[in-house]
Amino acid sequence: MAPQREWFEKDYYAVLGVRPDASQKDVSKSYRTLARQNHPDANPGNAEAEERFKEISAAYDVLGDAAKRKEYDEVRRMVASGARPGGFGPGGGARFEDVGGFGDFLGDLFGRKGAGRRGTPGAGPQRGADLEADLHLSFLDAVRGVTTSVTLDSESLCSECHGTGAEPGGARSCPQCQGSGNIAVDQGPFSFSQVCPQCQGAGRLIDKACKRCRGRGTEVRRRDIKVRIPPGVQDGGRIRVKGRGAPGRQGGPQGDLWVRVHVAPHPVFGRRGRHDLTVRLPVTFTEAALGADVNVPTLDGPVTVRIPPGTPSGKTLRVRDKGASTTGGGRGDLLVTVEVAVPQTLTDEERRLLEALAGLDGENPRRHLEGV
């Protein structure tokens, strides 16, 4: 494949925090660790973490592929010898400013040969664009996880020509590259591959364009795309569906689909973090003062929670393993916040008893405020 601009500007080994001689296993291990730490789902609303995640993914896309990594290492060695990119044309081809005679040499290696100093190299395979879609979920589907689908109108491979851009029998193999999309260029002891200038990397020439897409190979149509939502996704979270974005050009891979999740509120439960649920529990004054066993709602039905004697309003009790499911099969906790309910109206008997209690209570809860 042709080198991308980032190959000359980015040290992907530094991005992943590994040495250039690191094994593929170590590269993958470092990527998984950094991806978990910077994933948008773990850092909602954190634009810096999102950009870091994209940078990590781009680095692993190259270093995680042995063939791409070999090409990347070769490019980095050449640049370290004195070459620097002067600009890029469509499709990722490169041209170089002169560093002695080495700039022309590198420019020829990567597809500029015969095009002149400002020539435009062949396009070659290009990755499709990333797409975005919105998905509205109920509270329970978000905390439990669900497999659903999103519907969007987007560019897709043409349903008639399936991306070839040609009518049946309306395309032929490129005579210059024999259908490979690349041609070999000899540079002394080296032999390099570059995008075929005749077919621009497609490997074929179209004589009769597809009537439906007019030779573009794509059309806009409605698609239903299945999405697996992991347990505990939060409102505003983004889910990546790999390879379901816009189609690539000239045989390039499809982009990705990013699904932004919108979670509806629940009338009883709230969220704290990804997997802990919250609920507010009203109790009477006597239950808080004397202690009581009280039923508390959970996702699995009510459970009994012990309110210790003397529990103040606002105290939070933790009920283990009654929260949202986790991707590892575990459960978060249910956080129960006690609220002492003060009666708005009293009967004559209730008022008489409370006044008698007040007369017996010798403790002043505001003593610490005296003299301030």
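Ordering R306, R216 by the number of other Cβ atoms within 10 Å of each residue's own Cβ, fewest first, gives R306, R216. In region 270-361, the convex hull through the Cα atoms has an average projected area of 7.0 nm², a quarter of its surface area.
Relative to its Kirkwood radius, the Cα radius of gyration of region 157-243 gives an Rg/Rh of 1.22.
Which pairs break 24 Å Cα to Cα here: K10/K226; K10/K68; K29/K68; K29/K242; K208/K242; K10/K70? Violating the 24 Å limit, Cα to Cα: K10/K226; K208/K242.
Kirkwood radius and radius of gyration were both taken over the C-alpha atoms of region 196-314, and their ratio Rg/Rh is 1.38.
Taking other Cβ atoms within 10 Å as a rough exposure proxy, V336, V296, V342, V305 sort from fewest to most as V342, V296, V305, V336.
Our note on the geometry: Cα centres of region 21-74 and region 272-335, 40 Å apart.
As a proxy for reagent exposure, L290, L360, L205 were ordered by neighbouring Cβ count within 10 angstrom, fewest first; the result is L360, L290, L205.
Quick note: the coordinates plus some simple rules give every number you see, no bench work behind them. Since the model is a prediction, treat every value here as computed from it, not as a measurement. Note that we place each Cβ from the backbone using ideal geometry, even for glycine, and neighbour counts take in every protein chain shown.
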